[in-house]
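So the structure is just underneath, and the comments pick up after that.
The values are calculated or read from the model by the stated rules, or taken from the named source; none is laboratory data. Since the model is a prediction, treat every value here as computed from it, not as a measurement. Here the Cβ is made from the backbone with ideal geometry for all residues, glycine too, and neighbour counts use every protein chain on show. In case anyone asks, the SASA skips ligands and DNA or RNA and just uses the protein heavy atoms, side chains included. Shrake-Rupley method; radii C 1.70, N 1.55, O 1.52, S 1.80 Å.
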Number of protein chains: 2
Amino acid sequence: MAPSRSGPNLSRIATSLGVSVATVSNALSGKGRVSGQLIERIREHAAELGYVPSQAGRALRTGRSGVLGLVLPDIANPLFPKIAQAIEFAASAAGYGVLIADSRGDIATQTEAIDRLVERGVDGMIVIPRRATRISSTTCPVAIIDTPSTPGNTVSADHWQGGREIADHLADLGHRHILIIGNNQESSVQNDRVGGIRAGMRPGMHSETLWIDRLEQDGGRGCPLGLAEKARQGFTAFAALSDLQALRALTELQQAGVNVPADVSVTGFDDLIWSPVVTPSLTTVRMDMDRIAGIAVSALVATIRANRIREGMLVTAEIERVAMQLIVRQSSGPAKPAPETSEPKT
Amino acid sequence: MAPSRSGPNLSRIATSLGVSVATVSNALSGKGRVSGQLIERIREHAAELGYVPSQAGRALRTGRSGVLGLVLPDIANPLFPKIAQAIEFAASAAGYGVLIADSRGDIATQTEAIDRLVERGVDGMIVIPRRATRISSTTCPVAIIDTPSTPGNTVSADHWQGGREIADHLADLGHRHILIIGNNQESSVQNDRVGGIRAGMRPGMHSETLWIDRLEQDGGRGCPLGLAEKARQGFTAFAALSDLQALRALTELQQAGVNVPADVSVTGFDDLIWSPVVTPSLTTVRMDMDRIAGIAVSALVATIRANRIREGMLVTAEIERVAMQLIVRQSSGPAKPAPETSEPKT
DNA sequence: CTGAAAGCGCTTACAG
DNA sequence: CTGAAAGCGCTTACAG
């Protein structure tokens, strides 16, 4: 015999009330024609019994699980918790549960994670892909959150425009020599940001990009990036491609006795949790996670509602770009007039 | 008619192979007695067809969903992503999916989230409760991750012992006047940590606790904690109750021209992502998330496997405490001999 | 070793 | 307005 559930089911409510299960189902869902009075009685009784509908039964019957999958590369990376939260908000507002799968930054794991989600019967999924992965067609609708430079049905922040915001801000403050600090030349997000910053250079401005190998300091022993030296060479603004790198830059400069923002400005990207907490608080650029998550989830939900499941379905035909917003805090300020040499040595 | 799935089901494999669904099911699961040869044929054919078992059907039949719920207060809080990741690892290694529910720090939402997870048919759940919440008994096994000071079946890091590690470390370095910095007097985690630090004070040592109202700086305009002044008063060590506060302290001191670790030491808790990244890298105390998650998940899985679902079942009779580990980095060093006054003014 | 049958809980045409 | 019945896909005793 199949095991029965702990709680009451439709049939128990039905017999206990002397009506049919169909009527109970209709009354509870408000779908079939049931007299107002009976609806009342049934709902009351169901609540009394603490009836909880079985998702398994419903899913089997309707072919819908009411669950969305979320695949991300590494939730411990400080950028993703916010987006995961925004997706959970949006999904749960739309009545969906969220099944997470952390692909641990690994492509094979990502593929496997996607398969597992399909097995679990998700109605659709949102994938934040590992760097430049193409998602092989799956058996359910997929929305991708990535860079605009990724081809396909993607929603994303406009990282390039975010870069322009930074460039404009620094230009307005009179900075002419900008050191861009990144840690991953393969990242399309970082490349888009660099592209935006460069495109925002005005006549007489000049930028140079420093790629850091390792963000952590080796064994805690410290291996400075030589930023104080860069400041001496004439760079007055340090534009990091993420707040984590901005933090690295900010603290190294402070430790070296370079004052931020009096001597040099530091900016970041992403408005991560510590940005408003550090001294000086960090000027950065924020993406509207709620908006991005909302677009992805509602595109997904619309597809699920409209169509039956089809092979490798993608939910957005066009790429959606969501504007990033500049947050000016204390770490950026007017450029100091160049000291002796106006042209930094390279 | 009920909608049929996109992919093949047992019945299709069965007819296509001229055997019964029971045999196919047995062959695939390896349970009933099926001849080796037939098993081979069936599995091959299933793979060829790209058969994916329906979780809905299985769940309905077995009463198990193969999914665990994870309820947490705020996944954007930097402490939780790591634990969420560890839980996802452990669960997925045990063959379970993880449905997340972010309670947004709100107790009502937390209750609702738990109900929703039950509706979705999770086999068990892990709750990281909002501050000092008691979990009302639910219809499925529950494991709680919290402080040891929480009563009930809880697994947790030993925050008190973590505090002792910090106190011992600072004492060994010769520090006598310790300023403890916290931001939440209601938090049992922070109180346990304070308790541990205080308990580790040696004769001649003295500590004072500073509770910060707001971690962020108001509107980015800056509202210093007055730590430089505290340093002048004779405090040589600043023990923050979390790395975020440590970061606040570290950058404020640096900005004020106080050198860390030459002038004063700064320590944190939790080994968050930026701890090894800042200059100087941060001495902190780490909890073994993998261990905690492993204990919670395996206790849950064992309960699920052993018993049928019962009302408000709790999975661990005893509180499990997992030791925290001191990570010494550059932000802590030998105490400077006290300047003029050895007794700090309070 | 293999198959026929029941049943998990639900929803949805359809008949009354 | 209400009910009887079919069926979603699976697993598990049970019979052969």
Handout entry: Mean ellipticity per residue at 222 nm, deg cm²/dmol - from DSSP H runs of n ≥ 4 across chain A, formula -39500 (n - 2.57)
Key = -11500 deg cm²/dmol
Handout entry: chain B: angle of helix B:243-255 to the longest principal axis, Cα-based, in degrees nearest 10
Key = 40
Handout entry: Antiparallel bridge percentage (DSSP; both residues within the protein assembly as shown; nearest 5)
Key = 15
Handout entry: Shielded by partner chains, region A:70-102 residues - at least 30 Å² of accessible area, 1.4 Å probe, vs chain alone
Key = A:Ile75, A:Ala76, A:Pro81, A:Gln85, A:Glu88, A:Phe89, A:Ser92, A:Val98, A:Leu99, A:Ile100, A:Asp102
Handout entry: 14 Å Cα-Cα reach of B:Lys336 towards aspartates and glutamates, excluding residues that sit fewer than 8 places from it in its own chain
Key = B:Asp172, B:Asp263
Practice task
Report the far tail of the P(r) of chain B, meaning the percent of Cα-Cα pairs longer than 33 Å.
Solution key: 44
Problem - Area buried, chain A against chain B - accessible surface, total, 1.4 angstrom probe, square angstrom - result: 5700
Handout entry: Whether region B:25-81 is rounded, prolate or oblate, judged on the alpha carbon gyration tensor where a/c under 1.5 counts as rounded
Key = prolate
Problem - Electrostatic dipole magnitude of region B:159-287 [Cβ: Lys, Arg +1; Asp, Glu -1; Cα centre; debye, to 20] - result: 260
Practice task
Compute the distance in nm between two label points, each set 7 Å from the Cα along the Cα-to-Cβ direction, one at A:Ala256 and one at A:Glu44.
Solution key: 7.7
Exercise for the section: State, to one decimal in nm², a quarter of the convex hull surface area for the C-alpha atoms of the protein assembly as shown, i.e. the direction-averaged projected area. Expected result: 35.2
Problem - Listed residues A:Ala228, A:Ile83, A:Val67: farthest to the positive end of the dipole of chain A (Cβ charges) - result: A:Val67
Problem - Förster-model FRET efficiency, 60 Å R0, B:Ser6 and B:Gln185, C-beta, rounded to 0.05 - result: 0.60
Practice task
Keeping all protein chains in place, calculate the accessible area per residue for chain A (probe 1.4 angstrom), answer in Å².
Solution key: 42
Handout entry: Where Rh is the Kirkwood radius over Cα pairs, Rg/Rh for region A:159-287
Key = 0.93
Handout entry: DSSP-defined beta bridges in region B:159-287 - what % are antiparallel, rounded to 5
Key = 0
Problem - Candidates A:Ala93, A:Ala306, A:Ala262: whichever shows maximal mean-square fluctuation once chain A is modelled as a Gaussian network with Cα springs under 10 Å - result: A:Ala306
Fill in the blank from the handout: Highest GNM mean-square fluctuation among A:Leu173, A:Leu17, A:Leu250, for chain A with Cα springs under 10 Å, belongs to A:Leu17
Handout entry: Calculated FRET value between A:Ala306 and A:Ser29, using beta carbons and R₀ = 25 Å, to 0.05
Key = 0.75
Completion exercise
For region A:159-287, averaging the sequence separation of alpha carbon pairs under 8 Å that lie six or more residues apart and dividing by its residue count, the contact order in percent is 25
Exercise for the section: Quick one: pull the percent of accessible area on the protein assembly as shown belonging to carbon and sulfur, 1.4 Å probe, ligands and nucleic acids left out. Expected result: 50
Exercise for the section: For A:Val322, enumerate residues with amide H under 5 Å from its amide H, sequence gap 5+ or separate chain, H modeled in the peptide plane. Expected result: A:Ser156, A:Ala157, A:Asp158
Completion exercise
Note on chain A: contact order normalised by length, alpha-carbon pairs under 8 Å, 6 or more apart, percent, works out to 18
